[in-house]
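The values are calculated or read from the model by the stated rules, or taken from the named source; none is laboratory data. Quick caveat: nothing in here was measured; it's all calculated off a predicted structure. Note that we place each Cβ from the backbone using ideal geometry, even for glycine, and neighbour counts take in every protein chain shown.
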Amino acid sequence: MLPKLFTLLLVLISMTTQAGNFFPPDYKVFPFKEGDLLVSRRGDGKFAVNKILKIDRISLNRGAFINIQGRPFVASEDDYLLVVSASYGDNEFKTFEEASAAAKTGKWTVKVAHTPNRAPGAATGQTWVGYAPVTAEELTGYKIWRQAFDNGDAGVF
């Protein structure tokens, strides 16, 4: 009985996905999901509505590189990170309540249609206020970026 249990345990351990330590732990978790509507307060004190468009789990093998904020990083071990693609609204609301109401009615101005970011940067200062399905039109910028990223011609913030 004990050898069978030991063999089963070894099989289960080998099936688990082990994350490396190249990327910090906060690059591997994100508290929101695709379609989530978020409100953030900007430097000018006004509020904006933002939307999560896509969350990609990007795996890098040892020796592969990724461009982060214009700098190449070469993975020293197999690892992954989450890349969060979002659209960011204009700073057009005086209060959080105004921005939240606008998010729920879909009446807000998109200032930047697509930005690929690391999970911590995409989550900072954001408050969940609702959900709206992501449309094909909203993914136009994402698709262009993703093709360039896969070709090694684009990075993340």
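Structure summary
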quantity	calculated
When residues of region 132-151 are limited to those that are of a type in the set (G, A, S) and touching a residue at least 12 places away in the same chain (Cβ under 8 Å), the one farthest from K33 (Cα to Cα)	G141
Residue pairs meeting the criteria (Cβ under 6 Å; at least 6 apart or on separate chains; first without any contact (Cβ under 8 Å) to a residue 40 or more places away in the chain, in region 112-131; second not basic (K, R))	V112/Y88; A113/S87; A113/G141
Any hit, region 126-136, residues being touching a Gly at 6+ places or on another chain (Cβ under 6 Å) and in a strand (DSSP E or B)	yes
For P72: the one exception among (1) surrounded by fewer than 12 Cβ atoms within 10 Å (Cβ to Cβ); (2) modelled with pLDDT of 95 or more; (3) part of a strand (DSSP E or B)	(2)
Tally of residues being assigned to a loop (DSSP other than H, G, I, E, B) and either in contact (Cβ under 8 Å) with a residue 12 or more places away in the chain or within 23 Å of the chain's Cα centre (by Cα) (or both) across region 91-110	7
Some residue of region 113-120 being out of contact with any helix residue (DSSP H, G or I) (no Cβ under 8 Å at 6 or more places or on another chain), in a helix (DSSP H, G or I), of a type in the set (G, A, S) and surrounded by 13 or more Cβ atoms within 10 Å (Cβ to Cβ)	no
